[in-house]
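Structure first, then comments.
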Amino acid sequence: MKYKGIIFDLDGVICSTDEYHYLAWKALADRLGIPFDRERNNLLRGVSRMDSLEIILEKAEQSYTPKEKAAFAQEKNELYRESLRQMSTADLAEEVRATLDALRAEGVALAIGSSSRNAPFILERIGLSGFFDVVADGNCIAQSKPHPEVFLKAAAMLALSPAECLVVEDAHAGVEAAAAGGFDCAAMGDAHDDARARWHLHSFAELLSIG
Ligand code: BG6
Ligand code: MG
């Protein structure tokens, strides 16, 4: 592994919370009579809660006040957190756990770079609280992906330069953020074919054969 540090996105990379995001947004959109499907959901990957809501409301037939929007975001988050509360260490795939352990054994610094404000809670649910060397998340940034702030913050916390780090992402917004910050990126899932990524992973374990 030629990288000294790896910065992982959380939702859709370390665990499958991206599906819970979709189900919670879908319930809200259905209640409001706004068209929303899995394809549109891909636009929300990596994007902050309020920016995600704005993307959903682009298809609404009426406009909403800032107060109504804040209530919608809260409603979605409560639904989402109900799903998170059901999660346990069984929701951390063995492949992910084994790969993280192998990278750590190689001496690679491991970080989280997520737009989510729920990141600490999710890490706790899947048994990874305290596992990563640093966690940069939605609670410590002003601009979410595709802005590179969260990755730059994670690299700074690791005391590494962007050139020394690899970002692992499942979102086009995240691949764009990595490129904007000067990071190499390994893309997987929805972003697998994104041409801005240096590496294209078919599985999480493929990280072990990079560089
Ligand atoms: C990102 C997800 O990790 O976090 C986005 O990919 C989500 O879909 C964003 O909107 C914010 O999450 P949260 O938990 O703060 O609402
Ligand atoms: Mg993601």
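The values are calculated or read from the model by the stated rules, or taken from the named source; none is laboratory data. The structure displayed is predicted, hence computed values, not measured ones. Please note: Cβ atoms are built from the backbone with ideal geometry, for glycine as well, and neighbour counts cover all protein chains shown. Please note that ligands, DNA and RNA were not included when accessible areas were found on the heavy atoms of the full protein model with its side chains. Shrake-Rupley method; radii C 1.70, N 1.55, O 1.52, S 1.80 Å.
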Out of residues 5 or more away from Ile112 or on other chains, whose amide H comes under 5 Å of its own, with H placed 1.01 Å from N in the peptide plane? Phe8, Val134, Val135, Ala136
Can you tell me the length gained on complete extension of the stretch Thr65 to Ala90, counting 0.36 nm per residue apart and subtracting the Cα distance? 4.9 nm
Could you give the length gained by full extension between Asp101 and Ile210, i.e. 0.36 nm per residue of separation minus their alpha carbon distance, to one decimal place? 37.7 nm
Run the numbers on the chain and let me know its relative contact order in percent, using alpha-carbon pairs under 8 Å that are six or more apart. 27 percent
Once a ≥ b ≥ c are taken as the square roots of the eigenvalues of the Cα gyration tensor of region 30-123, is the result rounded (a/c under 1.5), prolate (a/b larger than b/c) or oblate (a/b not larger than b/c)? prolate
Where in the chain lies the longest segment free of GluC sites (Glu not before Pro) that are both loop residues by DSSP (not H, G, I, E, B) and have at most 11 other Cβ atoms within 10 Å? 107-211
Length gained if Ser16 through Asp193 is fully extended, taking 0.36 nm per residue and subtracting the Cα-Cα distance, is 61.8 nm
Pairs beyond 23 Å (Cα-Cα), from Lys69/Lys145; Lys67/Lys153; Lys2/Lys153; Lys76/Lys145; Lys26/Lys59; Lys76/Lys153: Lys67/Lys153; Lys76/Lys153
Leaving ligands, DNA and RNA out of it, report the carbon-plus-sulfur percent of the accessible area of region 65-141 at a 1.4 Å probe. 48 percent
Asn139 to Ala159: FRET efficiency via 1/(1 + (r/R0)^6), r the Cβ-Cβ distance, R0 22 Å, to the nearest 0.05? 0.60
